[in-house]
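Engineer: Input: one structure, supplied below.
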Amino acid sequence: MKTLNLAGIKRGNIFSPNHTGNDAAIFELTKNKLCAKGCFVAEYTEPEFQENEIPYTMIFGMARDKQTVAKLKELETKGVTGINSGTGIENCFRNNMTRLLTEKGIPYPKSEIVCTKKDATDAFLRLGSDKLWIKRGDFHAIHKEDVCFCSSMEEGNYLLSEFARRGIESATVSVHLTGDLVKFYGVRNTGFFHWFYPYYFGHSKFGNETINGEVKKYPFEEERLMSISNQAAETLGIYIYGGDAIISSDGCIQIIDLNDWPSFAPCREEASEAIAQCIYETFAK
């Protein structure tokens, strides 16, 4: 096996809402398994990565801070390889994700990207539903208020004005989908894929999983969920991913969220092996 010298970026705690320990655990397990393969791993916090010269051309990590992502993208223009890449991480910001997935034809709820400082009634009318999700568009959700459910246009406009008051200039508004909520985790090119119903496990950041209510266990094709999820991750340019999907009563699958390198908390041991495999094999090439 090749000896690889790698830099690993740990996620800043602010970007791990209610999952600080889980995010730290998957990073540590992955690092240990890379070391077991003969790799040397230099660890960086996000501030350390931003402030220091990085003498490594192979970087893996869970970066989320916009300054970290910008530096990672800059290094990649100079020959550095990142997993996930800076561009891939940025593609997971809500507005970017919405544009890219819908343009590629990935099953995704009907959505509009709106300015929070303007009345969005026309956009709500185009969506044709009273039940909507309003989500921070410029970044990942890091506060409970960054993802809001509303049941009227008046409430929707009020929530957008609250976003504007917090300095968030744009939002993605999506139609609420009825059905079973499933959470999934995957690592491209390894065959690893895990899904479950978060309703049963209390696995939540902000408690929004309860909106869809009790699980009906609608039948669906698990292989199709894996295929759609991998296509979505490939579209965004990420290898290590997780997200959420809605399964409707007829078995239709729609992705409602996709994130770069989540916590993998329910399947951490198996996932860390697949993540280390993905990182090692990609860099060894």
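The values are calculated or read from the model by the stated rules, or taken from the named source; none is laboratory data. This structure is a prediction, so every number in the text was calculated from the model and none was measured. With ideal geometry, Cβ positions are generated from the backbone for all residues, glycine too; neighbour counts draw on all protein chains shown.
Engineer: Of the conditions (1) closer than 24 Å to Phe124 by Cα; (2) of a type outside the set (Gly, Ala, Ser); (3) modelled with pLDDT of 95 or more; (4) touching a Gly at 6+ places or on another chain (Cβ under 8 Å), Phe220 satisfies every one except a single condition; which number is it?
Structural biologist: (1)
Engineer: Out of the residues in the range 81-116 meeting the condition of being β-branched (Val, Ile, Thr), in contact with a strand residue (DSSP E or B) (Cβ under 8 Å, 6 or more places away or on another chain) and in contact (Cβ under 8 Å) with a residue 12 or more places away in the chain, tell me which one is surrounded by the most Cβ atoms within 10 Å (Cβ to Cβ).
Structural biologist: Within the range 81-116, the match that is surrounded by the most Cβ atoms within 10 Å (Cβ to Cβ) is Ile89.
Engineer: What residue, among those in the range 110-147 that are modelled with pLDDT under 95 and among the small types (Gly, Ala, Ser), is farthest from Val173 (Cα to Cα)?
Structural biologist: Among those that are modelled with pLDDT under 95 and among the small types (Gly, Ala, Ser), it is Ala141.
Engineer: Among the residues of the range 53-71, are any of a type in the set (D, E, K, R), touching a residue at least 40 places away in the same chain (Cβ under 8 Å) and closer than 30 Å to Gly251 by Cβ?
Structural biologist: The answer is no, given that none of the residues of the range 53-71 is of a type in the set (D, E, K, R), touching a residue at least 40 places away in the same chain (Cβ under 8 Å) and closer than 30 Å to Gly251 by Cβ.
Engineer: Among the acidic types (Asp, Glu) and touching a Phe, Trp or Tyr at 6+ places or on another chain (Cβ under 9 Å): which single residue out of Asp250, Asp257 fits that description?
Structural biologist: On inspection, the qualifying residue turns out to be Asp250.
Engineer: How many residues are buried (at least 19 other Cβ atoms within 10 Å of the Cβ) and hydroxyl-bearing (Ser, Thr, Tyr) if we restrict to the range 244-284?
Structural biologist: The total comes to 3.
Engineer: Wholly within the range 174-285, which strands (runs of 3 or more DSSP E) include no fewer than the required count, namely at least 1 residues that are in contact (Cβ under 8 Å) with a residue 60 or more places away in the chain, closer than 20 Å to Thr98 by Cβ and charged (D, E, K, R)?
Structural biologist: Result: 180-187, 240-247, 253-260.
Engineer: I would also like to ask the following. Yes or no: the range 119-139 includes at least one residue that is hydroxyl-bearing (Ser, Thr, Tyr), over 30 Å from Glu273 (Cβ atoms), in contact (Cβ under 8 Å) with a residue 40 or more places away in the chain and touching a strand residue (DSSP E or B) at 6+ places or on another chain (Cβ under 9 Å).
Structural biologist: yes
Engineer: Considering the range 1-40 alone, what residues qualify as being touching a Leu at 6+ places or on another chain (Cβ under 9 Å), crowded, with 21+ Cβ neighbours inside 10 Å, aliphatic (A, V, I, L, M) and farther than 9 Å from Met62 by Cβ?
Structural biologist: Leu6, Leu34
Engineer: While we're looking at this one, here's another question. Answer with yes or no whether Lys78 is touching a residue at least 60 places away in the same chain (Cβ under 8 Å) and either under 14 Å from Gly8 (Cβ atoms) or not in a helix (DSSP H, G or I) (or both).
Structural biologist: Here the answer is no, as Lys78 does not meet what is asked.
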